[in-house]
Amino acid sequence: MQSCEISSDSTDDPLSSGLRRHQQPRIVVIGAGLAGLAATKSLLENGFTNVTVLEASDHIGGRVLSVQFGKATLELGATWIHGANGNPVYHLAEDNGLLEHTTEEECSVGRISLYAKNGVAHYQTNSGKRIPKDLVEEFSDLYNEVYELTQEFFQNGKPVGAESKNSVGIFTRDLVRKKIMLDPEDSESTKKLKLSMLQQYLKVESCESSSPNMDEVSLSEFGEWTEIPGAHHVIPAGFIKVVELLAQDIPARVLRLGKPVHRIHWNYSCPEAEDNADGANHNQDQRPGPAPVCVECEDGEWLPADHVIVTASLGVLKKAHETLFSPGLPQDKALAVQKLGISTTDKIFLEFAEPFWSPECNSIQFVWEDEAQLESLAYPVELWYRKICSFDVLYPPERYGHMLSGWICGDEALRMERCDDETVAEICTELLRKFTGNQNIPKPRRILRSAWGSNPYIRGSYSFTRVGSSGGDVERLAEPLPYTKSTKAPPLQVLFAGEATHRKYYSTTHGALLSGQREANRLIELYHDLFNAETTKPNMALL
């Protein structure tokens, strides 16, 4: 490994001296998801012309993946715009007419996103019986009361008791159980039913958090995630339309698909890379000169750069950061990668010729009565299907036909990904028959499902604050390299964006977009401060 030390002989500001050799700073953006595209768009709009985007897969969008399924557009990834007021994704969609056909009934409210806010969730037990609506509402009120308490630890600086082990799951399960058992009006059978519903609610919560289970989610940090006011909006034409809006003004030569990155050499750790580049960089407005950063692609191409914006998912960083960066990440940043959490939440779409559910049903929730007393919802490999918490009814049927969307998360989602379509369709059909008590439910006509955990360029759905981590780890993950403000090393060599780097909006599309803009703004401000903007801003016509 090359030394990353900077010679102390020169007293020149390395940024200024570097730009004397280059008409434009060379910027490489790794990843063409929302964060990478937002960063690129901002840079181009502010006059940067030597920008290259490297995307490992054969398409843009990252964890936005809209798939045409017959006449319907299904979302294997991001589905809802969470909140409206001040949400840049919402405003981008609204300003460009993407929400014109979103019906009022689709604008769901509350913490749990459904495809229709009208209708009723059917809570069904594994004995095929529906739990009465009034009992469901009674339990839901109790659960939500405790959920609000989980928010107070961060928001009000409330100390966390040792008995909860700083875990949302342990705290919630213990307190809800205690309240259920102390209720003098409930029979023993009602109490058992509510305890079983608690486990189902925690499964839904872990799907929303994209955590293996809620026991792993930090109680002291849970309330830092910030909800933007307003409803959850679906984009009928597909969330990919937001991605396309971000990408529409990015020149084709800037965006390079099918270009996985092998290693990022930073802090002059690979000075010979200029010789290896052989003019391979397709941006032509540069002059020879040593680059502080060099991006080594898996196909053997090297791209010299002054700045690299890394938008790889937390899952990819966990898997590859030890080999992806040379020199390796500073210990505290590597520790932040290790401590923060990411898991897999997958969807299973089932299409039926006719609905077997009643018109008012907006979801079928699976309540296993034999799980009432379980402490941790971990299952043997062959029982992975027990982690499927529910099937939502896609709405409206005029757009989607008769379609259900199932939810599964954690290690069980990875096991589902390893099964073939036929096996998953059969298991889901048996579950639906079992819980509804209707043995005549046919197998679905078609099945479509996500596989975010086994995607080598994603490795998970979105991040969460795991027990032992904090918002400070998110900040440290987002901090550019090198840390030092010494003039001996060029600043902002490696920048980090992506939903996992946004302290308040992690796990969301707006968090991803804002993080990309944040990192672009660091570079915009850096060069604005050094040079008179009017005389150094290049002509955009060169694009």
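The values are calculated or read from the model by the stated rules, or taken from the named source; none is laboratory data. Because the structure is a prediction, the values reported are computed rather than measured. Heads up, the Cβs are rebuilt from the backbone with ideal geometry, glycines too, and the neighbour counts pull from every protein chain shown. Surface areas here come from the heavy atoms of the whole protein model, side chains and all, with no ligands, DNA or RNA. Shrake-Rupley method; radii C 1.70, N 1.55, O 1.52, S 1.80 Å.
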Amide H contacts under 5 Å for residue 446, placed H, 5+ residues apart: 351
Segment residue 335-residue 226, length gained on full extension (0.36 nm per residue, minus Cα span): 36.8 nm
Mean separation of Cα contacts under 8 Å, 6 or more apart, over the residue count of segment 395-529: relative contact order %: 14
Span from the segment 80-104 Cα centroid across to the segment 123-168 one, whole angstrom: 30
Relative contact order (%) - segment 34-187, alpha-carbon pairs under 8 angstrom, separation at least six: 8
Pair residue 129, residue 319: separation of 7 Å Cα→Cβ label points (nm): 4.5
Under-5 Å amide H pairs with residue 461, H placed in peptide plane, nonlocal only: 343, 344, 345
Rough spin-label spacing in nm, given labels placed 7 Å along Cα→Cβ, for residue 156 and residue 376: 3.1
Long-range amide H partners of residue 261 with built H, under 5 Å: 298
Mean Cα-pair separation over length for the chain, i.e. relative contact order, pairs under 8 Å, 6 or more apart, %: 26
Segment 128-276, accessible surface, carbon-and-sulfur percent (1.4 angstrom probe): 52
For peptides 431-443, 411-423, sequence by mean Cβ density within 10 Å, most packed first: 411-423, 431-443
GluC sites (Glu not before Pro) within segment 97-127, DSSP loop, no more than 14 other Cβ atoms inside 10 Å: 100
Phi-based couplings in Hz for segment 369-383 (Karplus 6.51, -1.76, 1.60; Gly and Pro marked x): 5, 7, 9, 3, 9, 5, 8, 9, 8, 10, 10, x, 3, 6, 9
Note, ³J(HN,Hα) from phi for segment 399-410, Karplus 6.51, -1.76, 1.60, rounded to Hz, x at Gly and Pro: 8, 9, x, 9, 10, 10, 10, x, 10, 8, 9, x
Fraction of accessible area attributable to carbon and sulfur, segment 298-425 (%, probe 1.4 Å): 52
Integer Hz, Karplus 6.51/-1.76/1.60 couplings in order for segment 180-195, x for Gly and Pro: 5, 5, 8, 6, x, 8, 8, 6, 5, 5, 5, 4, 5, 5, 5, 5
Read-out P(r) over Cα pairs in 10 Å bins from 0, in percent, derived from the coordinates shown; its label in [x] 4, 19, 30, 27, 15, 5, 1, 0; [y] 3, 18, 27, 24, 15, 9, 4, 1, 0; [z] 3, 14, 17, 16, 15, 13, 9, 6, 4, 2, 0, 0: [y]
Residue-averaged 222 nm ellipticity for the chain, from DSSP H runs of 4+ at -39500 (n - 2.57), nearest 500: -10000 deg cm²/dmol
Inter-site label distance for residue 191 and residue 457 at 7 Å from Cα along Cβ, in nm: 5.5
Accessible area (Å², per residue) of the chain, counting only protein heavy atoms and a probe of 1.4 Å: 42
All-pairs alpha carbon distance profile, segment 27-155, 10 Å steps from 0, percent: 9, 24, 28, 23, 11, 4, 0
